[in-house]
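Encoded as structure tokens, the structure appears first; notes follow it.
The values are calculated or read from the model by the stated rules, or taken from the named source; none is laboratory data. Quantities reported herein were computed from a predicted structural model and do not represent experimental measurements. Every residue, glycine as well, gets a Cβ built from its backbone with ideal geometry; the counts of neighbours run over all protein chains shown. All accessible areas refer to the heavy atoms of the entire protein, side chains included, with ligands and DNA or RNA removed. Shrake-Rupley method; radii C 1.70, N 1.55, O 1.52, S 1.80 Å.
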Amino acid sequence: MRAAVLGATGFVGRAIVPALSERMDVVAVSRGGDTPPAERVQPVAADALDPESLRRALEGVDVVYYLVHSLGQANFGDLDRRAATNVAAEAARAG
């Protein structure tokens with residue numbers, strides 16, 4: 001099994017990535033791709049607002065943990081809707 005954690009460098013993501021990696025391979029997705037590499041953890045740079053980057057990040061993934069938010073942005077509701085729509089579409093495409 002292979003899981004992708006989108007928002008891997010956030011508060012929750014930093015806790016979930018090591019826990020998941022005890023049981024499966026993890027693609028740790030963040031905008032900067034700066035999750036520290038570890039056994040069974042593959043850091044990947046992708047942006048939830050960029051479908052092409054998501055397509056590459058989700059290739060070969062069985063499950064996606066979506067921990068992304070745009071709080072702090074004036075239009076965070078619109079950004080979050082776009083990001084969630086992109087991730088759902090690319091997860092469906094990846095199967």
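Points to keep in mind about this one:
- Residue match in the range 29-36 (condition: modelled with pLDDT under 95 and either in contact with a Pro (Cβ under 6 Å, 6 or more places away or on another chain) or assigned to a helix (DSSP H, G or I) (or both)): yes
- In the range 22-40, the residues that are at positive phi and among the charged types (D, E, K, R) reach residues that are outside any strand (DSSP E or B) and open to solvent by less than 100 Å² (accessible area, probe 1.4 Å) with C-beta atoms within less than 9 angstrom, at least six apart or across chains, in these pairs: 40/20; 40/21; 40/24.
- A single entry from 68, 44 fulfils the requirement of being among the β-branched types (Val, Ile, Thr), in a loop (DSSP other than H, G, I, E, B) and closer than 11 Å to residue 6 by Cα: 68.
- Among residues of the range 68-82, those that are surrounded by 17 or more Cβ atoms within 10 Å (Cβ to Cβ) and either touching a helix residue (DSSP H, G or I) at 6+ places or on another chain (Cβ under 9 Å) or modelled with pLDDT of 95 or more (or both), counted: 2
- Residue check: residue 52 meets all listed conditions (1) closer than 29 Å to residue 23 by Cβ; (2) modelled with pLDDT of 95 or more; (3) open to solvent by 60 Å² or more (accessible area, probe 1.4 Å) but one, namely (1).
- Complete set of residues in the range 1-20 that are open to solvent by less than 20 Å² (accessible area, probe 1.4 Å) and outside any loop (DSSP other than H, G, I, E, B): 3, 4, 5, 6, 13, 17
- For the range 83-95, the set of residues classified as farther than 15 Å from residue 30 by Cα, part of a helix (DSSP H, G or I) and open to solvent by 40 Å² or more (accessible area, probe 1.4 Å) consists of 85, 88, 89, 92, 93, 94, listed by residue number.
- Any pair with Cβ under 8 angstrom, 6 or more apart, that starts in the range 81-95 at a residue that is in contact (Cβ under 8 Å) with a residue 40 or more places away in the chain and ends at one that is open to solvent by less than 60 Å² (accessible area, probe 1.4 Å) and outside any helix (DSSP H, G or I): 87/6; 87/48; 87/64; 87/68
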